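A short write-up of the structure that comes next.
Nothing in this text is a laboratory measurement; each read-out follows from the coordinates by a stated rule. Since this is a predicted model, take the numbers as computed values, not measurements. When we count neighbours, we look across all protein chains shown, and the Cβ atoms used for this are built from the backbone with ideal geometry, even at glycine.
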Amino acid sequence: MKVLFIGGTGNISTACTRLAAERGIEIFLFNRGRSESSLQGQAQLIRGDIRDLASAADILKHHHFDVVVDWVAYTPDHIETDISLFAGRVRQYVFISSAAAYQKPPHHYLVTESTPLENPFWQYGRDKIACEERLDRARRDDGFPVTIVRPSLTYGETWIPCAVGGHDYTVVDRMRRGKKIVVHGDGQSLWTVTHNSDFAKGLIGLLGNERAIGEKYHITSDEVLTWDRIYKTIGVAAGVEPELIHVPSEVIAAFDARTGASLLGDKQYSLVYDNSKIKRAVPGFEAIVSFAEGMRRSLAWFDADPRRRTVNDEANAMIDRMISGTGYSTSKFHSSAR
């Protein structure tokens, strides 16, 4: 099977590229080649800019793929480009959407693929919904062979998945220096964090699967944690006991609109994903990497090379301003991890 990944070197897609290669899939990556990649020898690189339709069409005109997966389509105009490039030329097109597209606020904590799509709080989620709607029309009107996949918060060894402070080393640095950590809400809402190696097993199992055409799947872990537990687990991996400060999502949004949108439009709610559909489509699929194990791997990666332990000074300063400006460090919302 010959598969094209548009992108393919990101946080989630790197694990999928590796697993595809391990399973004998002939994998190609179409991107600008600007990201340092550890995938040499596992995938063939086609250099190009997917945002330049004419150039991309010229570069790809002599290539034929069974499956195309677009990791970097975020808006309907990106989808229009893909339809122009691949309609009538591939057996399956996979769009990487997002669980942020699901109804917010949710009417029920348990999320299935039939949960309505609606997100009035986060433009990112609305754009993914619009992309799905365009692909639904292409499937209905022209038989475009689309499969839609919706990841939730998914991480690999190069990420520390946090709701406030980014996914780099910043929050761990704060923990290790004894600085307070901001957690949204009361820290007790439920969330699912998925290791990219587990996500990859579900995604690769859908490639070339004719029964997946016209279908939609989310792929997540079955492990459900509170946000307090997520941060405490990061602390255990970092060898420290973090001091957690609880701040309402609306207050966080007032300090940082971008973080606030991802909270108000996604992470502030208790959400549990029913993975029955992906398990039926990919027999044997199971997420096996616990968050505790994933964080041990991530901290080992960061600690192996001091150059990896970058701190976002802007995010750090924003967190400090938030804590000092709200007074939550001494309020009833204060909580120390134990």
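Odds and ends about this structure:
- Extended-chain gain in nm, criterion 0.36 nm per residue less alpha-carbon gap, residue 91 and residue 42: 15.4 nm
- FRET efficiency, 1/(1 + (r/R0)^6) with R0 56 Å, evaluated for residue 62 and residue 241 via beta carbons: 0.45
- Mean shadow area of the chain, taken as a quarter of the surface of its Cα convex hull (nm²): 16.8 nm²
- Theoretical gain in end-to-end length, residue 53 to residue 270 [0.36 nm per residue, Cα-Cα removed]: 74.1 nm
- The packing ranking, built from the mean of other Cβ atoms within 10 Å per residue, places the peptides 303-314, 160-171 in the order 160-171, 303-314, highest first.
- Considering only the chain, percent of DSSP beta bridges that pair antiparallel, nearest 5: 15 percent
- Using only alpha carbons, the range 211-303 has a radius of gyration to Kirkwood radius ratio (Rg to Rh) of 1.05.
- Helical content of the chain, expressed as a calculated mean residue ellipticity at 222 nm, amounts to -11000 deg cm²/dmol (DSSP H runs of 4 or more residues, -39,500 (n - 2.57) each, divided by residue number, nearest 500).
- Label reach from residue 303 (point 7 Å along Cα→C-beta): in the range 217-256, amide nitrogens under 18 Å belong to 231-243.
- In the chain, the longest principal axis of the Cα atoms and the axis of helix 76-86 are about 30 degrees apart.
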